[in-house]
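Derivation of every value follows stated rules applied to the coordinates shown; laboratory data play no part. All of these numbers come straight from a predicted model, not from anything done at the bench. Cβ placement follows ideal geometry from the backbone for every residue including glycine, while neighbour counts extend to all protein chains displayed.
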Amino acid sequence: MRAALLIAGKDLKQRLRDRSAILVAFVVPLGLAFVFNATLGGISTGGTAFTYAVADADRSEVSAVFVDHVLPAVQESGAIEIRTVPSEPEGRRLVNDGKIDAMFVVPEGFGAAVQGSGGAEIRVVGDVDEPTGTQVARSIAGSFVADLNAVRLAIAAVLEPHSTAPAELDALVERATAVANPVTMVNLGASTKELDVTTYFAAGMAVFFLFFTVQFGVASLLEERKEGTLSRLLAAPIGRASILGGKLLMSFVLGVLSMTTLIVATSLLLGAKWGSPVGVALLVLAGVLAAIGVMALVATLAKTAEQAGSWQSIIAVVLGMLGGVFFPISQAPGILPKLSLLTPQAWFMRGLSDLAGGGGWTVVLPAVLAMCVFAGVTGAIAAVRLDRMARL
């Protein structure tokens with residue numbers, strides 16, 4: 001054990017001294033996380049989802065219900081922001097300039113249409129580049145108008161065959177309007193949630209470069225075999241297990257240091273929200289083990305350190321892209337979302353998403369187990385092949 005620790009310490013000092021590990025493990029991933037956050041961080045602000053304007057050309061008591069009561073109630077939920085504009089042309093200008101997502105237009109005669117025999121409608125003018133915001137606005141307006149028309153038809157159906165006294169009419173209106181709320185905002189919890197943009201790219205860059213970071217350990221074994229120092233280590237009173245263990249231990253320590261540093265740095269500097277510390281720690285440990293197993297197995301298939309480095313880089317990039325470190329793979333078409341589960345990176349990102357859902361650290365256990373399976377299978381095969389390499 002002491003020999004393995006000495007070998008790991010020697011290799012770690014060497015990598016830190018030549019700055020190769022510092023660049024790959026710390027500088028580059030943190031720098032890219034800053035770049036992605038600066039360019040794409042505005043996509044997810046964590047605040048208001050949509051901004052709307054409302055133009056009330058009717059100015060009746062009925063339109064006031066929508067403008068002064070329904071829309072402010074929805075705005076209090078934090079889902080939308082409402083601006084009042086003096087006219088429809090002014091609202092259209094804001095839509096065309098991209099300053100609002102859509103505009104509600106309450107046309108003149110809206111109140112009279114509700115109280116009369118004709119159908120009432122609220123027009124929605126939406127930005128062509130904001131289809132989701134426009135659809136949400138249509139749903140809000142449609143829900144309100146549908147309930148008004150339902151009340152009107154219910155009263156008309158009762159009044160048509162019968163003569164109703166004014167007192168009875170007031171009671172009838174009260175009963176009809178009490179059937180349902182025009183618009184109801186319900187906060188639904190979810191077992192899993194998407195990470196915000198800042199955390200997503202911070203985590204993506206961390207786990208992506210983790211696979212480049214852990215390759216230093218096995219690569220140093222191939223380098224020492226090429227330079228002839230491996231034969232001298234084998235001739236010394238040191239077991240092969242200690243030599244291999246020292247190389248892999250260096251990869252493990254460097255991987256954990258890299259992930260821990262990036263988590264702390266992005267939390268303090270970028271405001272990334274990683275979730276439960278215990279859950280994150282389990283994901284990091286399992287992710288590092290999986291990365292070591294995969295990269296060690298790839299290295300054992302190569303004959304030289306240069307060849308191993310090239311193959312490991314290719315595998316790291318392919319697994320990273322398939323695992324969704326650059327974009328949410330769940331939004332991809334076809335079978336890609338299912339294929340992504342064949343990568344440790346996808347399970348790492350899924351575990352963080354589960355933590356973002358507000359659950360305790362136990363929600364990451366399926367992801368941790370999946371990454372441990374990757375580590376166990378690839379690590380076992382790599383260990384056998386590494387032992388053979390040490391004999392040569």
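With a ≥ b ≥ c taken as the square roots of the eigenvalues of the C-alpha gyration tensor of region 280-392, please select rounded if a/c is under 1.5 and otherwise prolate if a/b is larger than b/c or oblate if it is not? Kindly include the intermediate steps, with their values, before the conclusion.
On the way: a/c = 2.84, a/b = 1.63, b/c = 1.74.
Note, shape of region 280-392 comes out oblate.
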Item to complete: May I ask for log10 I(q)/I(0) of region 252-310 at q = 0.17, 0.22, 0.29, 0.30 Å⁻¹, from a Debye sum over the Cα atoms as equal point scatterers with solvent left out?
Response: -0.66, -0.86, -1.14, -1.17
Worksheet, complete the sentence: Given unit charges at Cβ for Lys, Arg (+) and Asp, Glu (-), the dipole magnitude of region 59-119 about its Cα centre in debye, nearest 20, is 120 debye
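Mind scanning Lys13/Lys247; Lys273/Lys338; Lys226/Lys247; Lys226/Lys303 and naming the pairs with a C-alpha gap bigger than 18 Å? Display every interim value, and only then the final one.
Numbers: Lys13/Lys247 13 Å; Lys273/Lys338 26 Å; Lys226/Lys247 16 Å; Lys226/Lys303 10 Å.
As for pairs spanning more than 18 Å Cα to Cα, those are Lys273/Lys338.
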Practice prompt. Could you line up Trp361, Trp274 from fewest to most neighbouring Cβ atoms inside 10 Å?
Written response: Trp361, Trp274
Practice prompt. Taking the Cα centre of region 269-392 as origin, sum charge times position over the Cβ atoms of Lys and Arg (+1) and Asp and Glu (-1), and report the length of that vector in debye to the nearest 20.
Written response: 180 debye
Worksheet, complete the sentence: Spelling it out for Ala53: with amide H atoms placed in the peptide plane at 1.01 Å from N, the residues 5 or more places away or on another chain with amide H under 5 Å from its amide H are Arg83, Ala102, Met103, Phe104
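Can you put Ser60, Ser258 in order, fewest other beta carbons within 10 Å first? Intermediate results must be reported in sequence, preceding the final value.
Numbers: Ser60 17, Ser258 25.
Fewest-to-most Cβ neighbours within 10 Å comes out as Ser60, Ser258.
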Item to complete: Determine, from the Cβ-Cβ distance of Ile314 and Ser87 and an R0 of 51 Å, the FRET efficiency 1/(1 + (r/R0)^6), rounded to the nearest 0.05.
Response: 0.25
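Going by how many other beta carbons lie within 10 Å of each one, how would you line up Thr300, Thr261, fewest first? If you can, show how the numbers build up before the last one.
Working: Thr300 20, Thr261 15.
Placing the least packed residue first, the sequence is Thr261, Thr300.
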